[in-house]
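The values are calculated or read from the model by the stated rules, or taken from the named source; none is laboratory data. Model, not experiment: these values are computed from the prediction. Note that each Cβ is placed from the backbone with ideal geometry, even for glycine, and that neighbours are counted across all protein chains shown. Only protein heavy atoms, including side chains, enter the accessible area calculation; ligands, DNA and RNA are left aside. Shrake-Rupley method; radii C 1.70, N 1.55, O 1.52, S 1.80 Å.
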Amino acid sequence: TMRESYASENDSGFKCLKPELRPIVVVGGYGQLGSLFCRLFTLSGYQVRKLGSQDWDQAEALLADAGMVVVTVPIHLTEQVIRRLPKLPEDCILADLTSIKSGPLQTMLEVHDGPVVGLHPMFGPDISSLAKQVVVYCDGRLPEHYQWLLEQIQIWGASLNRISAIEHDQGMTLIQALRHFTSFVYGVHLAEEDPRLEQLLSLSSPIYRLELAMVGRLFAQDGQLYADIIMSSPQNLAMIKRFHQRFGEAIQILENQDKAAFRQAFAQVESWFGDYAGRFMKESQSLLRQANDAAHR
Ligand code: NAD
């Protein structure tokens, strides 16, 4: 499996940048993303403890000498879990992996006086290595105390992108909320229309197969996670409503059989994309060639 190949690929372990660090406690460490990070920390030589949902009676003992605490629980529970943490050692780093950043970061800063950092790995637990993956981070407090952590993540192969929590959450309105929502609705639509998937695929070019795969993969994951992501902020709903409105306007063009209006809108978008339109054409061609090769292997 993916997991096993990942483990064997890294059997030799990673360089440890902070060997003197006291234990890392991963709250939600039995979860999908939590397990992945526990494995990475362990492979890098850190002492790792998991604090699962059943372990709160031992929280004081697990956390008393923590060098770092990483919170990675379902989004809708994150802030209450952070508030539930006992007083941490002054020099302990408090971090989280939540897909939204403003609320959790604010809460971490409120409950802890020491170093705080918000992380958002831009990947799911199904990846085989961190190579070429991105981890976004938001500085909280005392960044000089967690530089080693950022460097450790780079040693795992990921690249880092620093952003403010507010800008992050604004960007995620398009990158996560709207995108996942349109996949969700497309899935709902397919299920209602109920075509035969086999037949659809047999009629499809690789690009449609890829598109279907992009939608279908959403439904192999956790509905709660996506409900939390999409409904995490009122600005997500506002963005989705604007999209819905534009959908309606585009349908009006069809109702009117107005090909001139369609072409005019098309040209406007083309000029908005500018150089990227051509670049994306090339980039998708090479992706499709790879997808095509993979399908015939
Ligand atoms: P998950 O459901 O697999 O894991 C969450 C874990 O938290 C579970 O083991 C659960 O038992 C545990 N938990 C629940 N309540 C708890 C409590 N009170 N105390 C301790 N543990 C508790 O979810 P996941 O997909 O690993 O997501 C975890 C975090 O990672 C979320 O904040 C999510 O936004 C973020 N994230 C997930 C992905 C992804 O693709 N899965 C990607 C990026 C970020």
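Over the chain, with every protein chain in place, what whole percent of the accessible area is carbon and sulfur at 1.4 Å, could you tell me?
55 percent
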Q: Have a look at the range 70-171 and give its Rg and Dmax from the Cα atoms, expressed in angstrom.
A: 13.2, 37
Q) Per residue, how much accessible area does the range 175-297 show when a 1.4 Å probe rolls over the protein heavy atoms, in square angstrom? A) 80 Å²
**Q.** All lysines inside 24 Å of K241 as judged from Cα atoms, apart from same-chain residues fewer than 8 positions distant
**A.** K101
**Q.** Solvent exposure of the range 53-155 as accessible area per residue, Å², 1.4 Å probe
**A.** 41 Å²
Q: Take the alpha-carbon centre of the range 225-297, take the same for the range 58-79, and report the distance between them in whole Å.
A: 40 Å
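Length gain on complete extension for the stretch L237 to Q154, per 0.36 nm per residue less the alpha carbon to alpha carbon distance?
My answer for the length gained is 26.5 nm.
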Q) Taking GluC sites (Glu not before Pro) as exposed when DSSP calls them loop (any state but H, G, I, E, B) and at most 14 other Cβ atoms lie within 10 Å, what is the longest stretch of the chain free of them, the sites themselves excluded? A) 91-297
(Q) For K50, give me every one of the aspartates and glutamates with a C-alpha distance below 16 angstrom, ignoring sequence neighbours fewer than eight places off in its own chain. (A) E60, D65, D96
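Which percent, to the nearest 5, of DSSP beta bridges fully inside the chain are antiparallel? Can you show the working numbers first?
On the way: 6 of 25 bridges.
Taking every DSSP beta bridge with both residues in the chain, the antiparallel ones total about 25 percent.
Rank I229, I155 by accessible area, highest first, at a 1.4 Å probe radius?
Greatest to least solvent exposure: I155, I229.
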Q: Provide H189, H112, H244 ordered by accessible surface of protein heavy atoms (probe 1.4 Å), highest first.
A: H244, H189, H112
**Q.** List C16, C92, ordered by accessible area with a 1.4 Å probe, largest first
**A.** C16, C92
Q.
If you scale each eigenvalue of the Cα gyration tensor by 5 and take the root, what three semi-axes come out for the chain, rounded to whole angstrom and sorted largest first?
A. 40, 23, 19
Q) To the nearest 20 debye, what charge dipole does the chain have about its Cα centre, counting +1 at the Cβ of each Lys and Arg and -1 at the Cβ of each Asp and Glu? A) 540 debye
Q.
If you count only protein heavy atoms and use a 1.4 Å probe, how large is the accessible surface of Y30, to the nearest 10 Å²?
A. 150 Å²
